[in-house]
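Here's the structure we're looking at; comments come further down.
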Amino acid sequence: MKTLVVSSTYLELKPLLDKAEKINQIDDKLNTYRLGSKEFDLLCTGVGMVATSFYLGRVLAFHKYDRVINSGIAGSFDKDIPLGSVVEVVEDQFPEMGAEDGANFLSLLDLQLIETDEFPFQSGVLSNEQEVWNLTYPKVKSITVNKVHGSEERIVKTIERFKPQIESMEGAAFFYACKIAKIPCLQIRAISNYVERRNRASWDISLAIQSLNTEILKLI
């Protein structure tokens, strides 16, 4: 089974890569690694949905995979999810994509720019409930943003409108590319911080990265 792992940065997968051997450089973003008897490709896209869309779309157009795993850290709106927890994203969306009308936000659905269930969307969101692996991670709903939340007013409005549990800067772009290519995919995130007024002192990126890599090692 040929596996592609997608990450925005090498830092998020450093513990895994420290154990693996790079055996082939396919291009400047895509490399093949060996870990024991297993081999996998790693695509390091760079941060954000634009980079993820472009590089993942390019790779999927020219290379064939049986499954694709998106791995990274994320912020949580839900404080019942402990820092360092690993979760599976089963629903993601682009909450900033649309238009403002005064104080109101109009989504692509509101603007009638997409149909309710226009592929790959379902009611305007990207769902990924398919069972590619037998997983026991908590299943969460996510949003994908260009600007991570740090304003209490924006956080409240976002929770009221979209009811997300976590946020990332790449997840929905990852789902979109994989679903267009019709390749089984999985988005795994480890929680590094809570979504609140920016306070790096309360973050635990090291714990999140360690937890993430422990689980990715099992999946590949």
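I need the full set of residues from segment 29-49 which are of a type in the set (A, V, I, L, M, F, W, C) and within 19 Å of Cys185 (Cβ to Cβ), in order please.
Leu30, Phe40, Leu42, Leu43, Cys44, Met49
Here's a check for you: in segment 1-28, which residue that is of a type in the set (Ser, Thr, Tyr), surrounded by 16 or more Cβ atoms within 10 Å (Cβ to Cβ) and within 15 Å of the chain's Cα centre (by Cα) is farthest from Leu186 (Cα to Cα)?
Checking each candidate, the answer is Ser8.
Of (1) of a type outside the set (Asp, Glu); (2) over 15 Å from Val89 (Cα atoms); (3) more than 16 Å from the chain's Cα centre (by Cα), Lys147 satisfies all except one. Which?
Condition (3) is where Lys147 drops out.
For Leu17, all conditions in the list (1) among the aliphatic types (A, V, I, L, M); (2) over 23 Å from Ile205 (Cα atoms); (3) part of a helix (DSSP H, G or I) hold save one; what is the number of the exception?
It is condition (2) that Leu17 fails.
Here is a list: Arg154, Arg198. Which entry is of a type in the set (Lys, Arg) and either assigned to a loop (DSSP other than H, G, I, E, B) or within 17 Å of Phe121 (Cα to Cα) (or both)?
So the residue among Arg154, Arg198 that is of a type in the set (Lys, Arg) and either assigned to a loop (DSSP other than H, G, I, E, B) or within 17 Å of Phe121 (Cα to Cα) (or both) is Arg198.
Out of all the residues in segment 154-165, which are surrounded by 15 or more Cβ atoms within 10 Å (Cβ to Cβ) and hydrophobic (A, V, I, L, M, F, W, C)?
Ile155, Ile159, Phe162 - these are the residues of segment 154-165 that are surrounded by 15 or more Cβ atoms within 10 Å (Cβ to Cβ) and hydrophobic (A, V, I, L, M, F, W, C).
Test Ala74 against the stated conditions and say whether it is aliphatic (A, V, I, L, M), crowded, with 18+ Cβ neighbours inside 10 Å and not in a strand (DSSP E or B).
No: the conditions fail for Ala74.
Here's the yes/no breakdown for (1) basic (Lys, Arg); (2) over 30 Å from Pro164 (Cα atoms):
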residue: Glu12; (1), (2): no, no
residue: Thr32; (1), (2): no, yes
residue: Lys38; (1), (2): yes, yes
residue: Leu43; (1), (2): no, no
residue: Thr52; (1), (2): no, no
residue: Leu56; (1), (2): no, no
residue: His63; (1), (2): no, yes
residue: Ser71; (1), (2): no, no
residue: Ser76; (1), (2): no, no
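Residue check: is Leu113 part of a loop (DSSP other than H, G, I, E, B), surrounded by fewer than 16 Cβ atoms within 10 Å (Cβ to Cβ) and not basic (Lys, Arg)?
Considered against the rule, which asks whether it is part of a loop (DSSP other than H, G, I, E, B), surrounded by fewer than 16 Cβ atoms within 10 Å (Cβ to Cβ) and not basic (Lys, Arg), Leu113 comes out as yes.
All but one of (1) closer than 30 Å to Leu113 by Cβ; (2) free of Cβ contacts under 8 Å to residues at least 60 places away in the same chain; (3) surrounded by fewer than 19 Cβ atoms within 10 Å (Cβ to Cβ) hold for Val47, so report the exception by its number.
Condition not satisfied by Val47: (2).
Determine which member of the set Ser151, Ser127, Ser168 is surrounded by 22 or more Cβ atoms within 10 Å (Cβ to Cβ) and either in contact (Cβ under 8 Å) with a residue 24 or more places away in the chain or touching a His at 6+ places or on another chain (Cβ under 9 Å) (or both).
Step by step, each of Ser151, Ser127, Ser168 is checked, and only Ser168 is surrounded by 22 or more Cβ atoms within 10 Å (Cβ to Cβ) and either in contact (Cβ under 8 Å) with a residue 24 or more places away in the chain or touching a His at 6+ places or on another chain (Cβ under 9 Å) (or both).
Out of curiosity, is Leu219 surrounded by fewer than 20 Cβ atoms within 10 Å (Cβ to Cβ), touching a Leu at 6+ places or on another chain (Cβ under 7 Å), touching a residue at least 12 places away in the same chain (Cβ under 8 Å) and not small (Gly, Ala, Ser)?
no
Collect the residues in segment 91-105 that are assigned to a loop (DSSP other than H, G, I, E, B) and farther than 17 Å from Ile159 by Cβ, keeping them in residue-number order.
Matches in segment 91-105: Met97, Gly102.
If you check Gly84 against the conditions, is it over 29 Å from Ile159 (Cα atoms) and within 18 Å of the chain's Cα centre (by Cα)?
no
None of the figures in this text is laboratory data; all of them are computed from the coordinates on show. In this text the structure is predicted, and so the values were computed from the model without any measurement. Backbone-built Cβ (ideal geometry, glycine too); neighbour counts: all protein chains shown.
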